[in-house]
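K.L.:
This is the structure, below, for whatever I ask next.
The values are calculated or read from the model by the stated rules, or taken from the named source; none is laboratory data. Everything quoted here is computed from the prediction, not taken from an experiment. Note that we place each Cβ from the backbone using ideal geometry, even for glycine, and neighbour counts take in every protein chain shown.
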């Protein structure tokens, strides 16, 4: 088995992200790899299907500022330099795949809620990342059993 050189950690910045991060950091250390972290913000227009004639830009900017601040705090706790922090807007699985290819990542680490059962998991980000990934994907189980 070859060692992982570049690991991409996809996090949602919730408390559960720490469980996923611990696993990613452990793999980064044991493989002497580089760890990148990505947080994807879904545009509000996705959530509302673009049907509502409203300007979400102010709210979207606020969400982005808050996420950036949370990611900066997260990165400083885990000694991740700025060039290894990625915050993007879009569909999570698409953006994660895109960055993984760009970085030539050989592992994507993502959190997965095992408690919902496989049928519900099919719609989740973890499942979306798994399908179409160009490298290995580790889904770390988080939350209640």
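K.L.:
Please go through the stretch 82-97 and pick out each residue that is assigned to a helix (DSSP H, G or I), in contact with a strand residue (DSSP E or B) (Cβ under 8 Å, 6 or more places away or on another chain) and more than 15 Å from residue 21 (Cα to Cα). Don't jump to the end; show me each part of the working.
P.N.:
First, pick out the residues of the stretch 82-97 that are assigned to a helix (DSSP H, G or I): 82-84, 92-97.
Now narrow it down to the ones that are in contact with a strand residue (DSSP E or B) (Cβ under 8 Å, 6 or more places away or on another chain): 84, 92, 95-96.
Within the stretch 82-97, 92, 95, 96 qualify.
K.L.:
Could you tell me whether residue 47 is modelled with pLDDT under 95, surrounded by fewer than 16 Cβ atoms within 10 Å (Cβ to Cβ) and out of contact with any helix residue (DSSP H, G or I) (no Cβ under 7 Å at 6 or more places or on another chain)?
P.N.:
In short, yes.
A quick yes/no check of all residues on (1) modelled with pLDDT of 95 or more; (2) touching a helix residue (DSSP H, G or I) at 6+ places or on another chain (Cβ under 8 Å):
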{"site": "91", "(1), (2)": "no, yes"}
{"site": "108", "(1), (2)": "yes, yes"}
{"site": "118", "(1), (2)": "no, no"}
{"site": "144", "(1), (2)": "no, yes"}
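K.L.:
So for the stretch 60-81 (the condition being out of contact with any helix residue (DSSP H, G or I) (no Cβ under 9 Å at 6 or more places or on another chain), touching a residue at least 60 places away in the same chain (Cβ under 8 Å) and assigned to a loop (DSSP other than H, G, I, E, B)), does at least one residue qualify?
P.N.:
no
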